[in-house]
1. Just to be sure before I move on: is K220 over 24 Å from Y194 (Cβ atoms), at pLDDT 95 or above and either in contact with a helix residue (DSSP H, G or I) (Cβ under 7 Å, 6 or more places away or on another chain) or surrounded by fewer than 20 Cβ atoms within 10 Å (Cβ to Cβ) (or both) in the structure I sent?
2. Filter segment 187-236 down to the residues that are closer than 23 Å to K302 by Cα and of a type in the set (F, W, Y) and list them by number.
3. Mind listing just one residue for me: the one in segment 296-313 that is touching a residue at least 60 places away in the same chain (Cβ under 8 Å) and open to solvent by less than 30 Å² (accessible area, probe 1.4 Å) and, of those, farthest from S248 (Cα to Cα)?
4. From the list F188, F203, F195, exactly one residue is in a loop (DSSP other than H, G, I, E, B), at pLDDT 80 or above, open to solvent by less than 60 Å² (accessible area, probe 1.4 Å) and not acidic (D, E). Which is it?
5. Consider only pairs whose beta carbons are under 6 Å apart and that are at least six residues apart or on different chains; among these, list those whose first residue lies in segment 233-258 and is assigned to a loop (DSSP other than H, G, I, E, B) and whose second residue is at pLDDT 90 or above and surrounded by 14 or more Cβ atoms within 10 Å (Cβ to Cβ).
6. Please determine whether any residue of segment 215-225 is of a type outside the set (A, V, I, L, M, F, W, C), closer than 27 Å to K306 by Cβ and touching a Pro at 6+ places or on another chain (Cβ under 8 Å).
7. Could you please find all residues in segment 259-279 being free of Cβ contacts under 8 Å to residues at least 24 places away in the same chain and under 19 Å from the mean Cα position of the chain (by Cα)?
8. Tell me, please, whether a residue that is among the hydroxyl-bearing types (S, T, Y), open to solvent by less than 50 Å² (accessible area, probe 1.4 Å) and assigned to a loop (DSSP other than H, G, I, E, B) can be found in segment 271-291.
Amino acid sequence: SDGKKIEYTSDENGYLNPPGYLKNNIKLEYLLVGDSYTAYPEYSEYLRNFTNKSVYSIGMGGQGLIHWQYQLKKFNSIYEKKSSPKNIIFNFYENDLEDTLRAKKYYDKGYTHSIYYPTNKYSDNLEKIDRKISFFHEFYSIIRYIIVMSKIREKINKLFFKNSDTLIDQYSFLFSDGDCQIRFENPFLNSKDYFSETNIKIFKNSINSALQNIDYNKTKVYFVYIPSPNVIYSKKYKSSAMFKNTYSTHKKIDKFFKEFFKNSKNRVTYVNFTDSLIEMGAKENLYPCNGKDSHFSHNGFKIFVKNLINKLN
């Protein structure tokens, strides 16, 4: 990140926090829930440093809304002898929709252990689990694995396609901005209707299943929207059809969450300061310039957390 070597160490519970931190903090001020953006230690470290309060993250990379209930149950089991967190911050990142729908397919199939759950669409092989054994199927699986692991698709696109509009369906790609090379990951499949009646029901049930694990007399709850790089740089690269499409979906999701929490029986504060991040993204880089990571850089996490603190009551 930002050209600096980083080593992450998990604690005794398998989360990216300082070892022994949860054991030594009986009164926890902030509990962070979410995917890899939440798991990155920079998030909890900056929140801890800027507020001078205790912060513990149970973020887990590649997971979506459907997993939050299970992470909370695990947290409650390892923290059961201590007080409820004063604040819980659920962090939604835009690919959580796709991750939730993918996980739901596996859960419905009976594969509820995480070893069966792929963290990206290229490895989503559910339709092949029950395939018949044959030379063709085995050969196809090996070749497909080599293509995915070698990232040959990305290399071919980088070599032949210079126009950003040709990258609309690409999952991962690079943009060069002066001396900075930024990695983007398209969080949405253009062919999928995320707001169908079935999908909306899945999203609502997943969020409600997590929210029902909370004692609202003891804990304040926030739901924070973390936009993708495609959305944050949509103003800077406004000529790109890909970024326009992502931004359009972002607005639909934002509207869905506003209405959902407005009508929710649970007391949840919805937080979305994407417009501020877009303005900042037009002026400075919020992501590593080495093109190796689509998560916030140190500077990006610092800006994000500072904005977040202003929204916390």
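The values are calculated or read from the model by the stated rules, or taken from the named source; none is laboratory data. Note that the structure is a prediction, hence the values are computed from the model and not measured. Cβ placement follows ideal geometry from the backbone for every residue including glycine, while neighbour counts extend to all protein chains displayed. Heads up: the accessible areas ignore ligands, DNA and RNA and are worked out on the full protein's heavy atoms, side chains in. Shrake-Rupley method; radii C 1.70, N 1.55, O 1.52, S 1.80 Å.
1. yes
2. Y222, F223, Y225, Y233
3. Of everything passing the filter in segment 296-313, L312 is farthest from S248 (Cα to Cα).
4. F188
5. Listed by first residue and then by second, the contacts come to S234/Y247; K235/I278.
6. yes
7. D275
8. Yes - at least one qualifying residue is present in segment 271-291.
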